[in-house]
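Below: one structure in structure tokens.
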Amino acid sequence: MNRTLGLLTTAAAVTLSSFLSPHSDRAASPTSGVALLDVRALLEAARGAPPIICALAARSLRGYGWGDHGHGAPVTPLGNVLADTDGDLELLPAADVERLLEALALEDPCVRELSVRILGQQRDEAVAGPLVARLGAGDASLRAVAAFGLGLARPVRAVEPLVRTLRDASADARANAAWALGSIGDGRALAPVLTLFRDDQAVVREAAVVAAGRFESTSTVALLMRVLRQDDAPAVRRAAAWALGQLESRDATPALAEALSRDAEARVREMAAWALGETESRGASAALVTALRRDADEAVRETAAWALGNTEDRAAAEALGAAAAGDQSDDVRGTAAWALGQLEGHTAPAGLLRALRDESKDVRLKAAWALGEIGDAAAQPALREALGRETEARTRLALVRALMKSGERSERTLTELLSSRDPQVREAAVRGLAGNDAFEPWPWPEPRPRPFP
């Protein structure tokens, strides 16, 4: 890597990472929500790129573990170049670190992006001093990227210089300094960061609010509630809801419930629902049930269902059952079914039984799993019927588990299960008969990822 990192200034090569990154903000498909890939632009950028740059970009498409996304394949187009880039990049020679630091001042944004992210993986003693020195550069964009790099590297000795940067004339530098201080998490920076809640730039206020959430100090709850109620930027209000969720303060329940009910921006309501789920306050159930039933945005409804599962308020079972059976969104129906399993009541709502017939296999799986958690003997006929028509393997296992957990012991059903052609079904039946819960909860249908700022 010593020689080839000097080629970072090849703009066309470095643009590969922007095309390959799965976290890109490129336009999404209107039907799938998956980021679209500009294949023509990708191939044009890849042509003639140095192998090491191509390898670094290709890492963004890699998964984790043996066999994931080609990891461990014996022969690939790049050969050993890709293997040589595995792991953290902590042992770069001083000359390469210097090249990366110099590249931060170049005009090409792709070069700067890749350079600062590699620098962020280096040891403190290699990059802290040079990055701190660049906080005083005349170029505002260089000051901002230096603050970003310090947030990636997280050296404690950068706290005081970053606090001074909170007063920088550049909004970008102030915002990145606040973000970096939140990333480092040193309590000395909390009070200075809070002063940016009144900054005239929304990007700075948002970064400061997110940083406050990462300090995990409940002393900020009152200020965050004020931001949630009063800030005129939706992104800042959303960040305030997230921070209150991070702090898990039940004192914030009224403000979060108000935002869920009244905020005009759906993404703020979604985050408010998430935060209420994090506080696990049953006092939030009424607002969450109302959002589940009435909000026009499906992400808000789904997050409200998830939050009701976290509060474990059995009074929400009827609303969740209705959502599991009747919401127009597959995601909402599935998460509502999952939430009913979290409540662990003793009676299965009628809507949950109807969800066993859902067109979505994800909804059916979550409904079957939830019925196993509830263990209602009255659900046995619906479970047997569902098992007779279900073709999806994981859902069949969940149905067997639910039957066993609900006390199914009829000779006919047990004979059918124990003589099944599917060895996993036979094993599940035996484990259920033996009362073996060693693999509980099994199978586990994960809820969808929750929102983050």
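Neighbour counts of other C-beta atoms within 10 Å: give me 225, 271 arranged from fewest to most.
By the 10 Å Cβ count, ascending, the order reads 225, 271.
Please give the net charge around residue 229, taking every other residue with its beta carbon less than 10 angstrom from that of residue 229, where Lys and Arg add +1 and Asp and Glu add -1.
So the surrounding residues net to 0.
Among 392-404, 340-352, what's the highest-first ranking by average C-beta atoms within 10 angstrom per residue?
392-404, 340-352
Summing Lys, Arg as +1 and Asp, Glu as -1, what charge do residues with Cβ under 14 Å from the Cβ of residue 169 carry, residue 169 excluded?
Within the 14 Å Cβ shell, the charges total -1.
Extending each Cα 7 Å along its Cβ direction at residue 230 and residue 444, get the distance between those two points in nm, one decimal.
Label at residue 230, label at residue 444, 4.3 nm between them.
If you rank 444, 242 by fewest surrounding Cβ atoms within 10 Å, what's the result?
Ascending number of Cβ neighbours within 10 Å: 444, 242.
As a footprinting exposure proxy, order 224, 135 by other Cβ within 10 Å, with the fewest listed first.
Working: 224 26, 135 23.
Going from sparsest to densest Cβ surroundings: 135, 224.
To continue, here is another question. Obtain the nm distance between the two label points defined at residue 222 and residue 198 by a simple spin-label model: each point lies 7 Å from its Cα along the Cα-to-C-beta direction.
Reported label-point gap for residue 222 and residue 198 is 1.5 nm.
If you don't mind, another one. What is the packing order of peptides 296-304, 107-115, 421-429, taking the mean over residues of other C-beta atoms within 10 Å and listing the highest first?
With the highest mean Cβ count within 10 Å placed first, the list reads 296-304, 107-115, 421-429.
What do the square roots of 5 times the Cα gyration tensor eigenvalues come to for segment 213-279, in whole Å, largest first, as semi-axes of the equivalent ellipsoid?
They are 16, 12, 10 Å, listed largest first.
Read-outs throughout are calculated quantities, based only on the coordinates presented, and are distinct from any laboratory measurement. Everything quoted here is computed from the prediction, not taken from an experiment. Cβ sites come from the backbone with ideal geometry, for glycine too, and all protein chains shown count toward neighbours.
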